[in-house]
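> Sharing a structure here in structure tokens format.
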Amino acid sequence: MAKSIDVSDVNIYYGDFKAVEGVTMTVKARSVTAFIGPSGCGKSTFLRTLNRMHEVIPGAHVEGKIVVDGQDLYAPSVDPVEVRRRIGMVFQRPNPFPTMSIYDNVLAGNRLNSKRIAKSEADAIVERSLRGANLWNEVKDRLGKPGMGLSGGQQQRLCIARAIAVEPEVLLMDEPCSALDPISTAAIEDLIHELKTDYTIVIVTHNMQQAARVSDDTGFFNLKAAGKPGHLVEFNPTKQMFTNPDSPDTEAYISGRFG
Amino acid sequence: MSAVDAALDAQVGRSMHTARLPRFAALIVLVAMLALTALGALLLRWDWGTKWVAVPIVAVVLTDIALPLWSAAVENRRAAVDRLVTALVWTALACALVPLVWVLAKTVIEGAPTINGAFLSQDGVGHFDPVQLVKVGGHGVFHALAGTLVVTAAATIISVPVGLMTAIYLVEYARGKWIGRAVTVLVDVMTGIPSIVAGLFALALFTVFFGNGTRLGIMGAVALSLLMIPTVVRASEEMMRLVPNDLREAAYALGVPKWRTIVKVVIPTSVGGLVTGVTLAVARVVGETAPLLVTVGALDSTNWNPFHDQMTTLPVLISNAQSTNSPEDLKTAWGAALLLIVIVMVLNLVARIVGKIFAPKTGR
């Protein structure tokens with residue numbers, strides 16, 4: 001189920017502005033890959049190109065190849081909607097659908113894709129997804145209540161449950177803990193460890209310790225100068241990255257000497 | 001100032017205590033000025049029958065002057081300016097409210113006695129008494145009520161899909177394209193077209209197809225929908241823009257196609273506002289007279305069919321009834337006016353309740 005992602009020579013644009021250039025990397029299946037780097041260096045932008053969410057913004061486009069399961073995501077015949085069904089995403093701010101209950105939020109991906117599902121099957125999906133997101137015990141007695149009534153950390157786990165309910169091959173997370181307190185963050189990091197056995201996970205984070213704790217591989221993005229496009233400075237196993245990085249820039253960033 | 005306060009002041013060095021007007025200073029001044037003006041009116045031997053209205057007006061103006069002066073004398077400059085501006089704001093509020101309440105009160109007083117079972121259930125068909133030279137019977141408004149409902153409902157059925165779809169196009173598809181901006185400008189211009197022009201347009205349109213002298217309920221509906229569509233577009237557009245982009249992205253990221261995102265996420269999230277917008281648009285056109293006078297005409301009997309023959313609507317009935325100068329018809333006009341206000345109020349109430357029901361729930 002989990003797939004690897006081969007990225008080769010990707011340039012990303014907002015209109016005429018080149019935001020990210022020349023990214024090449026291989027994201028391994030069933031592992032956690034973290035992207036770190038200063039704000040505005042294009043890590044979130046790059047993450048959004050991995051499931052074709054980047055082009056939702058008017059004028060945004062991508063050059064290069066991103067191959068998942070032998071298929072180039074940006075081939076002309078590829079349907080972006082189909083890509084997003086296979087590659088799920090969790091956003092920085094928890095965004096449960098305000099009109100739906102907890103139960104309906106988890107099923108949103110299935111229901112909105114107009115798949116008819118039997119009640120028993122729906123119940124099973126909801127329970128499995130919420131258990132997967134470590135939320136089941138907290139909400140099992142109030143599945144009919146609105147999703148907006150949960151705390152921030154619970155809402156974010158609800159969004160993760162919603163993303164894994166459609167059983168994607170890859171799960172992208174854009175700073176999923178930046179709006180959360182340390183306890184909720186710990187819950188989500190534990191969850192990432194568990195999800196790793198089934199999913200390929202790519203996570204953007206501003207928190208270096210978090211990248212060190214949860215990831216197997218780390219990519220460091222940086223800007224060459226203000227106004228220049230961001231680029232991938234170094235992509236290595238996390239252990240090596242945090243003990244013996246190839247680039248002096250990476251070492252400077254990680255040790256807090258800049259950025 | 002107590003001894004403790006004085007001691008504290010001595011410690012701090014500068015007193016924070018200043019002279020203040022009594023708590024209800026504004027009220028005291030207003031009452032005093034009312035009494036003063038009334039006294040002055042008595043001394044000047046005003047004709048109370050017609051000129052009593054001048055007393056509160058003069059009293060309010062005097063209050064607006066006296067209160068800041070008193071404050072300037074006792075308090076300080078800043079407090080005086082504060083009193084002046086506060087007094088002016090209250091005066092403006094009163095100016096805005098007085099006509100509103102007045103219209104409502106007048107309509108209720110004049111219209112309420114007319115409204116009864118017969119008034120609501122009979123139509124306008126009466127006969128002319130050749131001896132007394134008056135119209136007998138035919139003072140009901142059922143036919144106009146039916147006409148208003150049919151024409152407004154037809155206008156709503158035309159406007160809501162067109163307006164809603166246009167708003168969806170503007171918000172979800174036209175982002176920043178020149179055609180979207182052009183449509184927005186056109187909609188804004190349409191908001192301002194005089195209603196009689198809409199009526200003439202509908203008349204001309206139907207004359208092309210059905211010949212001269214055509215008067216149909218549906219023509220009125222077309223004219224009203226010309227007035228409604230811009231309002232519906234603007235209101236729905238605003239409401240759908242309020243839906244956070246996060247929710248759209250959340251849906252896209254789940255692999256939901258754009259159209260389903262609109263139907264299942266954007267519209268449900270904004271439905272409360274959409275309903276309110278549509279209701280306000282309906283309330284705006286339900287009282288339109290001029291375009292209906294031109295397109296729908298008037299008929300004393302009840303006609304439920306907008307595709308056949310003329311019909312009467314409440315505003316047209318009011319317009320026609322007051323023009324005869326007969327006291328009986330004038331009563332009918334007031335009754336119909338009250339009925340129209342009640343309809344609009346009920347619509348607003350329904351919109352509020354529906355908006356509450358559909359509003360996104362927080363669960364707290």
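> Out of B:V61, B:V53, B:V74, which single residue is over 30 Å from B:S301 (Cα atoms), of a type in the set (A, V, I, L, M, F, W, C), surrounded by fewer than 12 Cβ atoms within 10 Å (Cβ to Cβ) and outside the structural domain of B:E328 (by TED's automatic domain parsing)? Explain how you work it out, then say what you get.
Values: B:V61 fails: surrounded by fewer than 12 Cβ atoms within 10 Å (Cβ to Cβ); B:V74 fails: surrounded by fewer than 12 Cβ atoms within 10 Å (Cβ to Cβ).
Result: B:V53 is the single residue among B:V61, B:V53, B:V74 that is over 30 Å from B:S301 (Cα atoms), of a type in the set (A, V, I, L, M, F, W, C), surrounded by fewer than 12 Cβ atoms within 10 Å (Cβ to Cβ) and outside the structural domain of B:E328 (by TED's automatic domain parsing).
> Going through B:D309, B:D329 one at a time, which residue ends up being assigned by TED's automatic domain parsing to the domain that holds B:T152, closer than 22 Å to B:G213 by Cα and of a type in the set (D, E)? Steps first, please.
Values: B:D329 fails: closer than 22 Å to B:G213 by Cα.
Every option except B:D309 fails the conditions.
> Against the definition (more than 17 Å from B:V256 (Cβ to Cβ), surrounded by fewer than 20 Cβ atoms within 10 Å (Cβ to Cβ) and either more than 9 Å from chain B (Cβ to nearest Cβ) or at pLDDT below 90 (or both)), how does A:K28 come out, yes or no? Break it down into steps so the answer makes sense when it comes.
Values: more than 17 Å from B:V256 (Cβ to Cβ): yes; surrounded by fewer than 20 Cβ atoms within 10 Å (Cβ to Cβ): yes; either more than 9 Å from chain B (Cβ to nearest Cβ) or at pLDDT below 90 (or both): yes.
The answer is yes for A:K28.
> Follow-up. Any residue in the range B:260-276 that's over 12 Å from B:E237 (Cα atoms) and more than 8 Å from chain A (Cβ to nearest Cβ): show its pairings with residues that are at pLDDT 90 or above and assigned to a helix (DSSP H, G or I) at Cβ separation under 7 Å, as long as the two are six or more apart or on different chains.
Sorted first by the residue in the range B:260-276, then by its partner, the pairs are B:I262/B:I168; B:I262/B:E172.
> Being in contact with a strand residue (DSSP E or B) (Cβ under 8 Å, 6 or more places away or on another chain), away from chain B (no Cβ under 14 Å) and in a strand (DSSP E or B) is true for just one of A:I192, A:I203. Which residue is that? Even if it seems obvious, please write down each step before you answer.
Details: A:I192 fails: in a strand (DSSP E or B).
One residue alone meets the criteria, A:I203.
> Let me ask something additional. Could you say which residue among B:A359, B:A336, B:A351, B:A321 is aliphatic (A, V, I, L, M), within 20 Å of B:K106 (Cα to Cα) and touching a residue at least 60 places away in the same chain (Cβ under 8 Å)?
Of B:A359, B:A336, B:A351, B:A321, the one residue that is aliphatic (A, V, I, L, M), within 20 Å of B:K106 (Cα to Cα) and touching a residue at least 60 places away in the same chain (Cβ under 8 Å) is B:A336.
> Oh, and also: Could you tell me whether any residue of the range A:155-177 is more than 25 Å from A:D216 (Cβ to Cβ), of a type outside the set (S, T, N, Q) and out of contact with any Leu (no Cβ under 9 Å at 6 or more places or on another chain)?
No, the conditions are met nowhere in the range A:155-177.
> Which one is surrounded by the most Cβ atoms within 10 Å (Cβ to Cβ), of the residues in the range B:158-189 that are in contact with a helix residue (DSSP H, G or I) (Cβ under 9 Å, 6 or more places away or on another chain), without any contact (Cβ under 8 Å) to a residue 12 or more places away in the chain and over 23 Å from A:V56 (Cα atoms)?
Among those that are in contact with a helix residue (DSSP H, G or I) (Cβ under 9 Å, 6 or more places away or on another chain), without any contact (Cβ under 8 Å) to a residue 12 or more places away in the chain and over 23 Å from A:V56 (Cα atoms), it is B:L186.
> Determine, yes or no, whether B:F24 is out of contact with any Ser or Thr (no Cβ under 7 Å at 6 or more places or on another chain), crowded, with 17+ Cβ neighbours inside 10 Å and of a type in the set (F, W, Y).
It is false that B:F24 is out of contact with any Ser or Thr (no Cβ under 7 Å at 6 or more places or on another chain), crowded, with 17+ Cβ neighbours inside 10 Å and of a type in the set (F, W, Y).
Each row is one residue, and each column tells you yes or no for (1) of a type in the set (A, V, I, L, M, F, W, C); (2) farther than 24 Å from A:N113 by Cα; (3) touching a helix residue (DSSP H, G or I) at 6+ places or on another chain (Cβ under 9 Å); (4) in a helix (DSSP H, G or I).
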{"site": "B:I262", "(1), (2), (3), (4)": "yes, no, yes, yes"}
{"site": "B:P268", "(1), (2), (3), (4)": "no, no, yes, yes"}
{"site": "B:G273", "(1), (2), (3), (4)": "no, yes, yes, yes"}
{"site": "B:L280", "(1), (2), (3), (4)": "yes, yes, yes, yes"}
{"site": "B:A283", "(1), (2), (3), (4)": "yes, yes, yes, yes"}
{"site": "B:L292", "(1), (2), (3), (4)": "yes, yes, yes, yes"}
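> Specify the residue that is nearest to the chain's Cα centre (by Cα); the eligible residues are those in the range B:209-250 that are hydrophobic (A, V, I, L, M, F, W, C) and within 11 Å of chain A (Cβ to nearest Cβ).
B:V243
> Could you figure out which of (1) part of a loop (DSSP other than H, G, I, E, B); (2) farther than 22 Å from A:K18 by Cα isn't true of A:T185?
(1)
> Does B:A253 satisfy the condition of being within 14 Å of chain A (Cβ to nearest Cβ), surrounded by 21 or more Cβ atoms within 10 Å (Cβ to Cβ), in contact with a Leu (Cβ under 9 Å, 6 or more places away or on another chain) and over 16 Å from B:Y173 (Cα atoms)? Before you say what the answer is, go through the steps one by one.
Values: within 14 Å of chain A (Cβ to nearest Cβ): yes; surrounded by 21 or more Cβ atoms within 10 Å (Cβ to Cβ): yes; in contact with a Leu (Cβ under 9 Å, 6 or more places away or on another chain): yes; over 16 Å from B:Y173 (Cα atoms): yes.
Taking the combined requirement at face value, the residue satisfies it.
> Could you tell me how many of the residues in the range A:149-165 are surrounded by fewer than 17 Cβ atoms within 10 Å (Cβ to Cβ) and within 12 Å of chain B (Cβ to nearest Cβ)?
Counting residues in the range A:149-165 that are surrounded by fewer than 17 Cβ atoms within 10 Å (Cβ to Cβ) and within 12 Å of chain B (Cβ to nearest Cβ) gives 1.
> Related question: Pull up the range A:66-99, narrow it to residues that are out of contact with any Leu (no Cβ under 9 Å at 6 or more places or on another chain) and assigned to a strand (DSSP E or B), then point me to the one that is farthest from the other protein chains (Cβ to nearest Cβ).
Restricting to residues being out of contact with any Leu (no Cβ under 9 Å at 6 or more places or on another chain) and assigned to a strand (DSSP E or B), the top hit is A:D72.
> Please go through the range A:100-148 and pick out each residue that is assigned to a loop (DSSP other than H, G, I, E, B), on the phi < 0 side of the Ramachandran plot and within 9 Å of chain B (Cβ to nearest Cβ). If you could, list the steps in order and put the result at the bottom.
Residues of the range A:100-148 that are assigned to a loop (DSSP other than H, G, I, E, B), as a first pass: A:100, A:113-118, A:133-135, A:140-145.
Going one step further and asking which of them are on the phi < 0 side of the Ramachandran plot, we end up with A:100, A:113, A:115-118, A:133, A:135, A:140-145.
Answer for the range A:100-148, where residues must be assigned to a loop (DSSP other than H, G, I, E, B), on the phi < 0 side of the Ramachandran plot and within 9 Å of chain B (Cβ to nearest Cβ): A:M100, A:N113, A:R142, A:K145.
> Further, regarding this structure: Count, please, the residues in the range B:41-75 that happen to be over 18 Å from B:P99 (Cα atoms), aliphatic (A, V, I, L, M) and in a loop (DSSP other than H, G, I, E, B).
1
> Got at least one residue in the range B:108-115 being of a type in the set (G, A, S) and either in contact (Cβ under 8 Å) with a residue 24 or more places away in the chain or touching a strand residue (DSSP E or B) at 6+ places or on another chain (Cβ under 9 Å) (or both)?
Scanning the range B:108-115, I find at least one residue that is of a type in the set (G, A, S) and either in contact (Cβ under 8 Å) with a residue 24 or more places away in the chain or touching a strand residue (DSSP E or B) at 6+ places or on another chain (Cβ under 9 Å) (or both), so the answer is yes.
> Quick check on the range A:12-24. Is at least one of its residues assigned to a loop (DSSP other than H, G, I, E, B) and either closer than 24 Å to B:D246 by Cα or within 13 Å of another protein chain (Cβ to nearest Cβ) (or both)?
Yes - at least one qualifying residue is present in the range A:12-24.
> Looking at the range A:197-209, which of the residues that are modelled with pLDDT of 90 or more and of a type outside the set (S, T, Y) is farthest from A:A29 (Cα to Cα)?
Checked the range A:197-209; the qualifying residue farthest from A:A29 (Cα to Cα) is A:V204.
> Give the range A:36-57 a look and list any residue that's under 16 Å from the mean Cα position of the chain (by Cα), more than 9 Å from chain B (Cβ to nearest Cβ) and polar (S, T, N, Q), or say none.
A:S44, A:T45, A:T49, listed by residue number.
The values are calculated or read from the model by the stated rules, or taken from the named source; none is laboratory data. Predicted, not measured: the structure shown is a model, and the values here were computed from it. Glycine also receives a Cβ, built like all others from the backbone with ideal geometry; neighbour counts cover every protein chain displayed.
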